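A quick write-up on the structure given underneath.
The values are calculated or read from the model by the stated rules, or taken from the named source; none is laboratory data. Keep in mind it's a predicted model, so treat the numbers as computed, not measured. A quick note on method: Cβ atoms are made from the backbone with ideal geometry, for glycine too, and the neighbour counts reach across all protein chains shown. Ligands, DNA and RNA are excluded from the accessible area calculation, which covers all protein heavy atoms including side chains. Shrake-Rupley method; radii C 1.70, N 1.55, O 1.52, S 1.80 Å.
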Amino acid sequence: MTVRHQLLSGEPILFAPDRSVRPNAFGNAPEPACPFCPGQEHETPPELARIGDPWRVRVVPNKYPASAHHEVIIEAREHDAQFEELDATEIVRTYRERYASVDAKYVALFKNHGALAGATLRHLHSQLVALDFVPPRIERERRAFERGCPLCDAARINVIDENETFVRVAPEAATMAYQQWLIPKRHAAEMTSLARDADLAAMLQASAARMRRVSESYNWIFVNFPRVERGHWYVDLFPRFGAVAGFELGTGTFIQTIDPARTMEVMR
Ligand SMILES: [Zn+2]
Ligand SMILES: [Zn+2]
């Protein structure tokens, strides 16, 4: 795979043609045997890490990588498990340890759950993609920390719930319907600073359970600011209802119909 750049904006594009042959469990063809299920371990490249024997969490290289280092974190043995039903503390520990283990300009860590969120397999998993450039979103957002911290302020507005380590809020200007942010109470640039995995696990579980009331598909995205001294990391979460449309792609501007007050009510 190679990095190409859009002619006019210069924005990076990962060119990974081998990904076009990925099996798609959500397509029209009959569902293929799931490579993430127990008994199918030989279907994935050799394991990078695991928890438990028999395993409960398994980390493997992506068979169809988007970058030179692309991992899949398989989060449950059961094919139909949902994140909110599991011991999520050890999954969060795996996120944190895998994130810390990769040396790259940026490490993208995210979950695509359900067909509308971009998943091609049903079996619960997250992904980690190492990049040798800082992505445009991070470049744009890092500038916000040059004068103060907007996230420390945002953690006091539209609060849905909180625990000792995190506040879950409905951002005032959401890009996606029912969007939530998990903001660490301790201002730190990266998720390696996380001291209590259980607190993040509880917040992710609460959010996953609420999002699944409105859609079976959701994304969450860990937004880290490596080498940004004043950065404040957070998790961006939203259920998915359909594709991002022409207006959004054409302008980079999102149209929103759900008020933060409504998000607070439905996602509580
Ligand atoms: Zn499976
Ligand atoms: Zn802050």
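Considering (1) open to solvent by 20 Å² or more (accessible area, probe 1.4 Å); (2) in contact with a helix residue (DSSP H, G or I) (Cβ under 8 Å, 6 or more places away or on another chain); (3) of a type in the set (Gly, Ala, Ser), the lone condition that residue 126 does not fulfil carries the number (1).
Reported count of residues in region 252-268, each being part of a helix (DSSP H, G or I) and either modelled with pLDDT under 95 or among the small types (Gly, Ala, Ser) (or both), is 1. Taking the criterion of being closer than 14 Å to residue 213 by Cα and either surrounded by fewer than 10 Cβ atoms within 10 Å (Cβ to Cβ) or not basic (Lys, Arg) (or both), the residues of region 248-268 that qualify are 263, 264, 265, 266, 267. Would you confirm, using the coordinates I've provided, whether residue 93 is away from ligand 1 (no atom under 16 Å from the Cβ), open to solvent by 50 Å² or more (accessible area, probe 1.4 Å), at pLDDT 95 or above and closer than 30 Å to residue 139 by Cβ? Answer is yes for this residue. Residue 119 satisfies every condition listed in (1) over 19 Å from residue 220 (Cα atoms); (2) touching a strand residue (DSSP E or B) at 6+ places or on another chain (Cβ under 9 Å) except (1).
Among the residues of region 83-118, those identified as in contact with a Leu (Cβ under 7 Å, 6 or more places away or on another chain) and part of a helix (DSSP H, G or I) are 83, 88, 92, 95, 96, 98, 99.
Only one residue in 60, 167, 134, 72 is within 16 Å of ligand 1 (Cβ to nearest atom), more than 15 Å from the chain's Cα centre (by Cα) and either in a strand (DSSP E or B) or among the hydrophobic types (A, V, I, L, M, F, W, C) (or both). Which one? Going through 60, 167, 134, 72 in turn, just one is within 16 Å of ligand 1 (Cβ to nearest atom), more than 15 Å from the chain's Cα centre (by Cα) and either in a strand (DSSP E or B) or among the hydrophobic types (A, V, I, L, M, F, W, C) (or both): 60.
Against the conditions (1) open to solvent by 10 Å² or more (accessible area, probe 1.4 Å); (2) outside any helix (DSSP H, G or I); (3) touching a residue at least 60 places away in the same chain (Cβ under 8 Å), residue 192 satisfies every one except (2). Scanning region 239-247 turns up at least one residue that is modelled with pLDDT of 95 or more, away from ligand 1 (no atom under 16 Å from the Cβ) and open to solvent by less than 20 Å² (accessible area, probe 1.4 Å).
Here residue 144 does not fit the description of being under 20 Å from residue 34 (Cα atoms), open to solvent by 20 Å² or more (accessible area, probe 1.4 Å) and over 14 Å from the mean Cα position of the chain (by Cα).
Could you grab the pairs with beta carbons closer than 7 Å, sequence gap of 6+ or different chains, first residue in region 140-156 and on the phi < 0 side of the Ramachandran plot, second one near ligand 2 (Cβ under 10 Å from one of its atoms) and modelled with pLDDT under 95? Going by the 7 Å Cβ cut-off, there are no qualifying pairs.
Scanning region 207-225 for residues that are of a type outside the set (Val, Ile, Thr) and open to solvent by 20 Å² or more (accessible area, probe 1.4 Å) gives 209, 210, 212, 213, 216.
Of all the listed residues (32, 17, 45, 65), the sole one being within 16 Å of ligand 1 (Cβ to nearest atom), farther than 30 Å from residue 196 by Cβ and either open to solvent by 30 Å² or more (accessible area, probe 1.4 Å) or in contact (Cβ under 8 Å) with a residue 60 or more places away in the chain (or both) is 32. Condition check: touching a residue at least 24 places away in the same chain (Cβ under 8 Å), away from ligand 2 (no atom under 16 Å from the Cβ) and open to solvent by 70 Å² or more (accessible area, probe 1.4 Å). Does residue 4 satisfy that? No: the conditions fail for residue 4.
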